[in-house]
């Protein structure tokens, strides 16, 4: 072997690890860029500190992912004595919300505990539970806590009731005076222009349910994992609730049934225009945090979900 050949071989060996990381970055970027949607991602392997950031500081529509800061505020209020998890709330007609969740389908008068409401807000993304809890903790206080912990972009902007009212306002500005009960009773507009208005609304940052970046939500999840916002007991309780997540068509799609893998996560979506998923993936080489956001999708929504599943599978395979 000549000296030149030796230097070339040594250079290849030294450069092999960075090249692998670059390939992983490039492959995941290629997966996201293959979608006909706005997208961003931040992933962090907690044992090693390795990260991947793809448009990770681009503000995105949280949709129901913003329910995670609401959950954190509830548990902080429990610790401060403002709420008790065993407190009960009787569902009224005006509390019901359309969209995701089960409570809207039960008879008025249901009497769940605060703990029940938190679980439904996260596990089934229940909008009725969400707005009741927002009423308990307050939008301003959720945002004050986010600011306290250094989050600059992540903010809760409105209730789900306000968002659904906006759907009717886009149909006809005269609907601005509709009550929450009227919005619930009428459902959603069914005219032929509804799809284009909804697409426009999803992309209008002034009307978002919440605003965040992939990097900040990943930091929020890491803070939950390290008990930064609440006691270890309540932090673990929040993660346990997220582990019960009902929706599994995105990050868990290819991992849910693999031995030794579990995912504590929260979705946020407005099919077929947006499909987010953020969570902590627990596995032998982990844990790992992944936050994927998509919006303004004009492609196949099933492919969008499948892409998020492939990304999670690839990260678990490579980050051991």
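Observations, loosely collected:
- Checked across the stretch 146-164, the condition of being over 30 Å from residue 223 (Cα atoms) and buried (at least 16 other Cβ atoms within 10 Å of the Cβ) holds for at least one residue.
Listed here are the residues, each with its yes/no results for (1) under 26 Å from residue 296 (Cβ atoms); (2) under 24 Å from the mean Cα position of the chain (by Cα).
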| site | (1), (2) |
| --- | --- |
| 141 | no, yes |
| 147 | no, yes |
| 157 | yes, yes |
| 164 | yes, yes |
| 172 | yes, no |
| 179 | no, no |
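- So residue 272, is it under 18 Å from the mean Cα position of the chain (by Cα), crowded, with 22+ Cβ neighbours inside 10 Å and assigned to a loop (DSSP other than H, G, I, E, B): no
- Residue within the stretch 59-82 that is within 16 Å of residue 132 (Cα to Cα) and free of Cβ contacts under 8 Å to residues at least 60 places away in the same chain present: yes
- Residue match in the stretch 29-38 (condition: part of a loop (DSSP other than H, G, I, E, B), in contact (Cβ under 8 Å) with a residue 24 or more places away in the chain and in contact with a strand residue (DSSP E or B) (Cβ under 9 Å, 6 or more places away or on another chain)): yes
Residues checked against (1) assigned to a strand (DSSP E or B); (2) crowded, with 18+ Cβ neighbours inside 10 Å; (3) free of Cβ contacts under 8 Å to residues at least 60 places away in the same chain:
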{"site": "251", "(1), (2), (3)": "no, yes, no"}
{"site": "255", "(1), (2), (3)": "no, yes, no"}
{"site": "285", "(1), (2), (3)": "no, no, no"}
{"site": "289", "(1), (2), (3)": "yes, yes, no"}
{"site": "292", "(1), (2), (3)": "yes, yes, no"}
{"site": "299", "(1), (2), (3)": "no, no, no"}
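- Residue check for residue 264: in contact with a strand residue (DSSP E or B) (Cβ under 8 Å, 6 or more places away or on another chain) and in a loop (DSSP other than H, G, I, E, B): no
- Cβ pairs under 7 Å, 6+ apart, first in the stretch 168-191 and under 20 Å from residue 92 (Cα atoms), second outside any helix (DSSP H, G or I) and at pLDDT 95 or above: 184/96; 184/97; 184/98; 187/98
- Taking the criterion of being surrounded by 24 or more Cβ atoms within 10 Å (Cβ to Cβ) and assigned to a loop (DSSP other than H, G, I, E, B), the only residue of the stretch 53-84 that qualifies is 62.
Conditions tested, residue by residue: (1) modelled with pLDDT under 95; (2) more than 18 Å from residue 295 (Cβ to Cβ); (3) surrounded by 13 or more Cβ atoms within 10 Å (Cβ to Cβ).
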residue: 2; (1), (2), (3): yes, yes, no
residue: 6; (1), (2), (3): yes, yes, no
residue: 9; (1), (2), (3): yes, yes, no
residue: 17; (1), (2), (3): yes, yes, no
residue: 27; (1), (2), (3): no, yes, yes
residue: 33; (1), (2), (3): no, no, no
residue: 40; (1), (2), (3): no, no, yes
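- Extreme residue, nearest to residue 62 (Cα to Cα), among residues of the stretch 228-238 that are surrounded by fewer than 17 Cβ atoms within 10 Å (Cβ to Cβ) and touching a residue at least 24 places away in the same chain (Cβ under 8 Å): 228
- Of residues in the stretch 42-52 being touching a residue at least 24 places away in the same chain (Cβ under 8 Å) and surrounded by 14 or more Cβ atoms within 10 Å (Cβ to Cβ), the one nearest to residue 298 (Cα to Cα): 42
The values are calculated or read from the model by the stated rules, or taken from the named source; none is laboratory data. These numbers were taken from a predicted model, which means no experiment stands behind them. Neighbour counts run over all protein chains shown; Cβ positions are idealised from the backbone, glycine included.
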